[in-house]
Amino acid sequence: MGHSVRSRRFAWAGLLAGALLLAGRATRPAPRPGAAPRLLPLGRVPADLLADLASDLTAVVAPAQPLPLELHEPRRQLWRAAGLLDAVPPGTVSQPALAIADVDAALPGRTCVFGLAEASQQRAIVFLSRLRNPRDRAALRQRARREALHELAHLAGGQHCPNRRCLLFPAVTPADVDRRGERFCRRCRASTAGRFSQLLGPLPELAVRDLPGQREGAEGVR
Ligand SMILES: [Zn+2]
Ligand SMILES: [Zn+2]
């Protein structure tokens, strides 16, 4: 289930997981021609991070758009997440739109989110601010990639999953993103991985044996 706001389904999340486990696995296969996300910087996004993400996701980078200043709430020092997603021009199945904003954003009455996706418009957004680790600058690239992969999985039709190590687990904290990793659980692999692979090529981790069983998940579905 996703998170429903104004009759629309927002899925939000983060990504990640056994970083050490994943390190050293095969590199990502080349994507199919013509199937690549379009990375759209909203406001100022560090150029090196954008380049890393474009490389990791085999994405094309669009010219930056300004952040709509009316979506900033100075009192809470937050940006309106849903409004920012609305500002992202819709994408297509073969080229979904993935915006990146280096801000802190929240849904109405909620805590902050790491990202949102709107499958009907094939657009998603990742918010970088809360993914930073002041003690580990390199963590941002991995977290941003994992969050981006999570949102792209929603655009491929994926729904949130209670398996904490599954790509479709809804992360609430950066630690969730770190734990989650870049693999689908068996169930989500069956339901989502096919369409996802048409976009990015099969994730190398998909070849690995199934994830451990679904034990947790109290905070799984929002
Ligand atoms: Zn999600
Ligand atoms: Zn799953």
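Under a 5 Å amide H cut-off, with hydrogens placed 1.01 Å from N, Arg183 pairs with Leu167 among residues at least 5 apart or on other chains.
Of the residues Glu147, Glu73, the one with the fewest other Cβ atoms within 10 Å heads the list, and the complete ranking is Glu73, Glu147. Annotation: amide H of Trp79 within the under-5 Å range of Glu73, Asp104, Ala105, Ala106, sequence separation 5 or more or interchain, hydrogens built in the peptide plane. Net charge near Thr92, counting Lys/Arg +1 and Asp/Glu -1 over other residues with Cβ under 14 Å of its Cβ? Net of charged neighbours comes to +2. Less than 12 Å Cβ to Cβ from His72, Lys/Arg counted +1 and Asp/Glu -1: what total charge do the surrounding residues give? After counting each charged neighbour, the total is 0.
Simple spin-label estimate for Ala64 and Thr173 gives 3.2 nm between the two label positions (7 Å along the Cα-to-Cβ direction from each Cα). Label sites at Gln95 and Asp48, each approximated as a point 7 angstrom past Cα along Cα to Cβ, lie 3.0 nm apart. For the pair Ser55 and Arg76, the difference between a 0.36 nm per residue extended length and the Cα-Cα distance amounts to 4.1 nm. Here the simple spin-label model places points 7 Å from the Cα toward Cβ, and for Arg195 and Arg137 these points are separated by 3.9 nm.
Taken together, the values in this text are just the output of simple stated rules run on the coordinates, not laboratory data. Nothing here was measured: the structure is a model prediction, and the numbers come from that model. Positions of Cβ are backbone-derived with ideal geometry, glycine not excepted, and every protein chain shown enters the neighbour counts.
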